[in-house]
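A.B. asks: After the structure tokens below, expect a handful of questions from me.
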Amino acid sequence: MSKHTFSTKIRVRYSETDKMGFCYYGNYATYFEVARVEALRDLGIVYKKLEENGILLPVTELNIRYKRAAKYDDLLEIKTVITKTEGTRISFSYETWGEDGTLLNEADTTLVFVDANSMKPIPIPTFIQNAIPHE
């Protein structure tokens, strides 16, 4: 759907590693959030402004396929693509790459647009649909 690919770099901090020295697997959800927020910002869609306008975007689905482990001080590159916008939902795919060009994991998330007052799903706002490049 989208031709817009955005890349974010994140360095694995010591506090994000487990006893074996690997990046703890649960940290990737946070990394994907950073990548997603920055990918949207690159399109002129700012989370903070969405929230100020009463629009929330909770995650309804997260799937990760791990291939290799990252370690302390590794600089990761997370490539993010908006894969689908439909109804009340927006979906993203992610690839996490190591500095040496090794694919570490692949992931997908789905988020739903929600009215902050009613906490009910709402259609994707037109200005967001218009900001996302389509094939």
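The values are calculated or read from the model by the stated rules, or taken from the named source; none is laboratory data. It should be emphasised that the depicted structure is a prediction, and the values quoted were computed from it without experimental measurement. Positions of Cβ are generated from backbone atoms using ideal geometry, with glycine treated the same way; all protein chains shown enter the neighbour counts.
A.B. asks: Which of the strands (runs of 3 or more DSSP E) contained wholly in the range 40-135 include at least 3 residues that are modelled with pLDDT under 95?
C.D. replies: Result: 75-86.
A.B. asks: Of the conditions (1) surrounded by fewer than 17 Cβ atoms within 10 Å (Cβ to Cβ); (2) modelled with pLDDT under 95; (3) in a strand (DSSP E or B); (4) not hydrophobic (A, V, I, L, M, F, W, C), Tyr25 satisfies every one except a single condition; which number is it?
C.D. replies: Here Tyr25 meets the rest and fails (3).
A.B. asks: State all residues of the range 98-121 that are under 23 Å from His4 (Cβ atoms) and surrounded by fewer than 18 Cβ atoms within 10 Å (Cβ to Cβ); if no residue qualifies, say none.
C.D. replies: Gly101, Leu103, Glu106, Asp108, Thr110
A.B. asks: Please work out if Ala35 is outside any strand (DSSP E or B), surrounded by 15 or more Cβ atoms within 10 Å (Cβ to Cβ) and in contact with a Ser or Thr (Cβ under 6 Å, 6 or more places away or on another chain).
C.D. replies: For Ala35, the condition - outside any strand (DSSP E or B), surrounded by 15 or more Cβ atoms within 10 Å (Cβ to Cβ) and in contact with a Ser or Thr (Cβ under 6 Å, 6 or more places away or on another chain) - is met.
A.B. asks: Among the residues of the range 55-77, write down those that are charged (D, E, K, R), touching a Ser or Thr at 6+ places or on another chain (Cβ under 8 Å) and under 14 Å from Ser93 (Cα atoms).
C.D. replies: Glu61, Glu77
A.B. asks: Also, quick follow-up: Please determine whether any residue of the range 13-21 is in contact (Cβ under 8 Å) with a residue 24 or more places away in the chain, buried (at least 17 other Cβ atoms within 10 Å of the Cβ) and either in contact with a Gly (Cβ under 7 Å, 6 or more places away or on another chain) or not in a helix (DSSP H, G or I) (or both).
C.D. replies: Within the range 13-21 (the criterion being in contact (Cβ under 8 Å) with a residue 24 or more places away in the chain, buried (at least 17 other Cβ atoms within 10 Å of the Cβ) and either in contact with a Gly (Cβ under 7 Å, 6 or more places away or on another chain) or not in a helix (DSSP H, G or I) (or both)), the answer is yes, since at least one residue qualifies.
A.B. asks: Additional query: Just one of the numbered conditions (1) at positive phi; (2) touching a Lys or Arg at 6+ places or on another chain (Cβ under 6 Å) is not true of Gly44; which one?
C.D. replies: The failed condition is (2).
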